[in-house]
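What follows is calculated from the coordinates using simple rules that are stated; it is not laboratory data. Bear in mind the structure is a predicted one, so any value in this text is a computation, not a measurement. Every residue, glycine as well, gets a Cβ built from its backbone with ideal geometry; the counts of neighbours run over all protein chains shown.
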């Protein structure tokens, strides 16, 4: 008697895989469609879990593009406070596939539809990334100028990236009626005021998310840009839902839709792959779940395990070190030394002492 | 006699060149000088007995230690207070809300404020540790570069040619004063009469103005001041912090230094 399961590899069977975090087991968690080395130019974007991925990839020596790098000027915490160096661009959290699509549209368009601008106590905020200037800007023109520069930087990243790691976080969104843009957060949260006539709640469906991701790819191809995609789903649950359901059910819906879209694209489209960060963090597959005491944020151990899996599956060794087959990490851009004329001026001082 | 130590970096050269004039104008004062190697706080060890000792060999001709125990007052001169960070920021970026200068990227004024706050606070923390909060100490910032510093690298004083220099230097000055107010040291910003325009000293006070006709000034000759400046700055220090008026001053300290003319 023959069974279709009898010749399947170990990774196909729950009992042989579950609860293991050894290298061999982790390496089997993901079978990449295409190779990635530490020299492959990566772009990170997505919800807050993408920040964890970005940081872990950078620390692990992967070549993560940085379109609006500020690390040579400011300490990390200040960079992050102003939205720099959290992802490959200063776009803030991109929670939905629609946000991702519209960012690509704007970056590649010579004349994008202007983004809405929110106001709070005389300060002005880019509604599509309202947290990157925590105190807002002094005038709407400054917001527009900042956004224009931002989109130029995003375009440069898109032109240079070989692989975009997209972390999908939500299906729930608020849509600005005038511009049609999906907002990262509801007006009245960071700035602005909620006006039901100006923005509407929308919970994206499987079909819409699928369409947005395919359209994102099509936009890049139309511009002659070859980047492929690795999709992940954020394990971080919704903070709150505006859909009327219980937040737990709303979270389950969002994650299920996003995970299903990722699966469908992985199975059917060669440009898209799926990396199971969601499963590693939220299930017992790798001795998890790896969530904090409030069951919201992934733990550091969990994030490290995600990157370890990423590296092992790509044959790139562990995250801390590099496997023997690795190519060296792209060296960071050298930080220019601060202007300092003291070295020259020791001569001046000597002259004064000699007198 | 009242003993005053002037310590710092290469900028103490201006006071050294004015030494004779200062000692004539303030005959009750006795001056001592000490330059930190590379102007690094880490290059010196301030021992328990109050002696500041260079950890590395001082350049030939420079003292390698000073006993601050013997001093009544300490003028710590030439503190940068991270002004090079301001310079780099405005060299690399336009500032939103200020006139654009064609940079590819802009940063917000709020970011610049927080950046300077961070850098200057850190500098002040190092200062506090360096002399262990000694209340005899008065800290003076590096003098602003002089007018005419055309060949000064943009990164060294990026505000000089910025149309909003007043606002930029105003922010830096305000931030320095705020953080220094939290330390037990005195703080002596560059006196108004020694400032030609925001962030700029008078050309006549630069070393460049004191060079002979056969010498071509270079960038450091515009960032370092001459003996006239050294005297004028010390005079302001003596008035404000020592309560002393100069007894006489008949000649330019620079001429005295250059030509050996006594007052």
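Odds and ends about this structure:
- The stretch A:231-275 versus the stretch B:79-98: alpha-carbon centroid distance in Å: 44
- If R0 is taken as 22 Å, the Cβ-Cβ distance between residue A:11 and residue A:221 corresponds to a FRET efficiency of 0.10.
- Here chain B carries DSSP beta bridges of which approximately 30% are antiparallel, counting only pairs with both residues inside.
- 0 to 90° range, to nearest 10: angle between helix B:165-180 axis and chain B longest Cα axis: 60
- The label-point distance for residue B:192 and residue B:23, in a model that sets each label 7 Å from Cα toward Cβ, rounds to 3.5 nm.
- Stokes-Einstein, applied to the Kirkwood radius of the protein assembly as shown over Cα pairs at a viscosity of 0.692 mPa s and 37 °C, places its translational diffusion at 117 µm² s⁻¹.
- Taking chain A as a Gaussian network of alpha-carbon nodes connected by springs under 10 Å, the highest mean-square fluctuation of the residues A:149, A:68, A:119 belongs to A:149.
- Averaging the Cα positions of each part gives two centres, and for the stretch A:138-178 and the stretch A:191-213 these lie 16 Å apart.
- For the segment B:221-233, counting C-beta atoms of other chains within 10 Å of every residue's C-beta and taking the mean gives 1.
- When the alpha carbon coordinates of the stretch B:69-210 are projected onto the principal axes, the ranges are 53, 38, 21 Å, largest first.
- Stokes-Einstein diffusion for the stretch A:1-59, with the hydrodynamic radius set to the Kirkwood value over Cα pairs and evaluated at 25 °C in a medium of 0.890 mPa s, equals 167 µm²/s.
- Residue order, fewest to most beta carbons within 10 Å, for B:44, B:248: B:248, B:44
- Compactness of the stretch A:164-312, expressed as Rg and Dmax over alpha-carbon positions, Å: 16.7, 50
- Potential lengthening of the chain between residue B:65 and residue B:167 amounts to 32.7 nm, from the contour at 0.36 nm per residue minus the alpha-carbon distance.
- Under the simplified labelling scheme, the residue B:98-residue B:177 pair shows an inter-label distance of 1.8 nm, with each label point 7 Å from Cα along Cα→Cβ.
- Share antiparallel - DSSP beta bridges, chain A, percent rounded to 5: 45
- Rg to Rh, two decimals, where chain B supplies the alpha carbon set and Rh follows Kirkwood: 0.97
- Note on residue A:295 and residue A:240: the model spin-label points, each 7 Å out from Cα along the C-beta direction, lie 2.0 nm apart.
- Average beta carbon contacts from partner chains per residue of B:103-113, 10 Å cutoff: 6
- Antiparallel %, DSSP beta bridges [both residues in the protein assembly as shown], to 5: 35
- Over the C-alpha atoms of the stretch A:94-239, the Rg to Rh ratio, Rh being the Kirkwood estimate, stands at 0.96.
- The calculated pair-distance distribution of the stretch A:33-354 uses every alpha carbon pair, bins of 20 angstrom beginning at 0, and gives 30, 56, 11, 3, 0 percent.
- Packing, as the average of other Cβ atoms within 10 Å across residues, places the peptides B:5-14, A:284-293, A:13-22 in the order B:5-14, A:284-293, A:13-22, highest first.
- Among A:237, A:116, A:270, the residue with the largest mean-square fluctuation in a Gaussian network model of chain A, with springs joining Cα atoms closer than 10 Å, is A:270.
- Each principal axis of the Cα atoms in the stretch A:225-290 has its own extent, and those three values, largest first, are 40, 31, 19 angstrom.
- Inter-chain neighbour count for B:11-18: the average number of beta-carbon atoms from partner chains within 10 Å of each residue's beta-carbon is 4.
- Seen against the Cα atoms of chain B and their longest principal axis, helix B:109-130 is set at about 20 degrees.
- Taking the longest Cα principal axis of chain B as reference, the axis of helix B:83-92 is set at about 20 degrees.
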